[in-house]
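The values are calculated or read from the model by the stated rules, or taken from the named source; none is laboratory data. These numbers were taken from a predicted model, which means no experiment stands behind them. With ideal geometry, Cβ positions are generated from the backbone for all residues, glycine too; neighbour counts draw on all protein chains shown.
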Amino acid sequence: MRGRLITLITILCFVGTATAQDIPAPIAVNTNDFRGRVEGSFEFEPIKDLSFEAGVQLRLNNDLGSVDRIHTSLGVEYEACKYFSLGADYILINGYDGAASAWERPRHRLNVNLTGSVKLGRVELSLRERVQTTFRTDSVNRYEKPKSAAILRSRLMAEYSIRHSKWTPYLLFELHNTLNAPQVVANYKSDPFATDNYITRYRAGVGAKYRISRNHRMEFYYYFDYDRSYNIDYKGNKGDLKGYVQENEFRHIFGISYKFKL
């Protein structure tokens, strides 16, 4: 019995090693980009602790030289108590990749948020956990990219209230963790489907909120993103792995937003 067990373990180890050897290490490609964001939004609070917000955001890429996408959003937030708030929002994403037909393939995004916050003197610390799901409208191979991509976004933020000032500076750090990214296989027609989990984005940011008046607010910010993604490509006829690239992008993002709060 012991001999059979050892033989079985040896076979399993050999199969696992052979499978791993069929998949080469990804080719790393590094890029840098300067990006911009301009946003306008409207916030309405019909009753205490419940607010609705609608907004439009324009995003630029390719060193601020091209339109990347337009986000149209609608959200709701409820402050359950002094320390916790719940929220959800829907975003219509119209992306542009240089082809006119790109505007005909919008994506739909749903966010569910839970935020905890506490004040320590003039500093307010907050931790937001966001489950983000993006639904594609085009046809994809689920072994290459998910039809509905789910990501857990964890953001730690510190805001400082300056005495007798309309400015509120802040610092933040955020991680994006994939929940259902496809795991690379040697042949998608013969190998079973499996998901992979990894940190796909590291973000560090600095910014400031400016209160113009009771109803008008502005915000200025800079984000530095390290974005890691995998471009997986298979042969359509046989299903063999054709390309496996790790895309590392370093993004410098400058943003400005305006909010009218009623």
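A few comments on the model shown:
- Qualifying position, being of a type outside the set (Lys, Arg) and part of a strand (DSSP E or B), among 193, 220: 220
- Looking across the stretch 158-167 at every residue that is in a strand (DSSP E or B) and surrounded by fewer than 18 Cβ atoms within 10 Å (Cβ to Cβ), the one that is nearest to the chain's Cα centre (by Cα) is identified as 158.
- Where a residue in the stretch 230-257 is touching a residue at least 12 places away in the same chain (Cβ under 8 Å) and its partner, wherever it lies, is of a type in the set (Lys, Arg) and part of a strand (DSSP E or B), with Cβ under 6 Å and at least six apart: 233/242; 234/242; 248/228; 251/35; 253/35; 255/37
- Condition met for residue 203 (within 29 Å of residue 30 (Cβ to Cβ) and modelled with pLDDT under 95): no
- Whichever residue in the stretch 175-202 is surrounded by 14 or more Cβ atoms within 10 Å (Cβ to Cβ) and charged (D, E, K, R) and, among such residues, is nearest to the chain's Cα centre (by Cα): 201
- Members of the stretch 230-249 that are in contact with an Asp or Glu (Cβ under 7 Å, 6 or more places away or on another chain) and at pLDDT 95 or above: 249
- Search result, residues across the stretch 134-168 that are touching a Phe, Trp or Tyr at 6+ places or on another chain (Cβ under 6 Å), under 21 Å from residue 183 (Cβ atoms) and among the hydrophobic types (A, V, I, L, M, F, W, C): none
- The stretch 114-152, residues that are part of a strand (DSSP E or B), over 23 Å from residue 162 (Cα atoms) and of a type in the set (Asp, Glu): 129
- Subset of the stretch 241-253 [crowded, with 16+ Cβ neighbours inside 10 Å and over 17 Å from the mean Cα position of the chain (by Cα)]: 241, 244
- Any chance residue 86 is surrounded by fewer than 15 Cβ atoms within 10 Å (Cβ to Cβ) and not in a strand (DSSP E or B): no
Here's the yes/no breakdown for (1) under 21 Å from residue 257 (Cα atoms); (2) hydrophobic (A, V, I, L, M, F, W, C):
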| residue | (1), (2) |
| --- | --- |
| 37 | yes, no |
| 55 | yes, no |
| 58 | yes, yes |
| 84 | no, yes |
| 91 | yes, yes |
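- Restricting 105, 155, 109 to those that are touching a His at 6+ places or on another chain (Cβ under 9 Å) and surrounded by 13 or more Cβ atoms within 10 Å (Cβ to Cβ) reduces the list to 109.
- Inclusion of residue 68 among residues that are assigned to a loop (DSSP other than H, G, I, E, B) and either farther than 25 Å from residue 158 by Cβ or at pLDDT 95 or above (or both) is not warranted.
- Filtered by the rule that a residue be surrounded by 13 or more Cβ atoms within 10 Å (Cβ to Cβ), within 19 Å of the chain's Cα centre (by Cα) and not aliphatic (A, V, I, L, M), the stretch 115-141 gives 115, 126, 128, 129, 130, 132, 133, 134, 135, 136.
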